[in-house]
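Everything on this sheet refers to the single structure shown next.
Nothing in this text is a laboratory measurement; each read-out follows from the coordinates by a stated rule. From a predicted model like this one, the values you see are computed outputs, not experimental measurements. Neighbour counts run over all protein chains shown; Cβ positions are idealised from the backbone, glycine included.
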Amino acid sequence: MKINYKGCEIEVAREKCLGGWNQLFYSVFDDDFEVTSGYSESEDTVKEFANDLKHIVDDYRENPEDYE
């Protein structure tokens, strides 16, 4: 799932990892700048997890110096 929120692109997908179980893989980009990315074993849905990442975008917009 890809969404745009406050000028940032949030992408979240649930896929099998190399170990064979499902994980959430996510990234947040502001143009070419990677705000955050990673993976999680969360049991949230892709949509719920993407909505939670909006809080990171909000913090990034308020405190961009914390993400340099």
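Data for the structure
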{"item": "Scan of region 18-39 for residues that are assigned to a strand (DSSP E or B) and of a type in the set (Asp, Glu), ordered by number", "result": "Asp30, Glu34"}
{"item": "Val57 vs. criteria touching a Cys at 6+ places or on another chain (Cβ under 6 Å) and in a helix (DSSP H, G or I)", "result": "yes"}
{"item": "Count of residues meeting criterion [over 13 Å from Tyr5 (Cβ atoms) and either surrounded by 15 or more Cβ atoms within 10 Å (Cβ to Cβ) or of a type in the set (D, E, K, R) (or both)] in region 55-66", "result": "3"}
{"item": "Of all residues making up region 1-28, the number that are surrounded by fewer than 12 Cβ atoms within 10 Å (Cβ to Cβ), over 10 Å from the mean Cα position of the chain (by Cα) and either under 18 Å from Val57 (Cα atoms) or charged (D, E, K, R) (or both)", "result": "5"}
{"item": "In region 4-17, the residues that are among the hydrophobic types (A, V, I, L, M, F, W, C), part of a strand (DSSP E or B) and over 12 Å from Phe49 (Cα atoms)", "result": "Cys8"}
{"item": "Any hit, region 36-54, residues being of a type in the set (Lys, Arg), out of contact with any strand residue (DSSP E or B) (no Cβ under 7 Å at 6 or more places or on another chain) and surrounded by 11 or more Cβ atoms within 10 Å (Cβ to Cβ)", "result": "yes"}
{"item": "Residue within region 24-38 that is without any contact (Cβ under 8 Å) to a residue 24 or more places away in the chain, aromatic (Phe, Trp, Tyr) and touching an Asp or Glu at 6+ places or on another chain (Cβ under 7 Å) present", "result": "yes"}
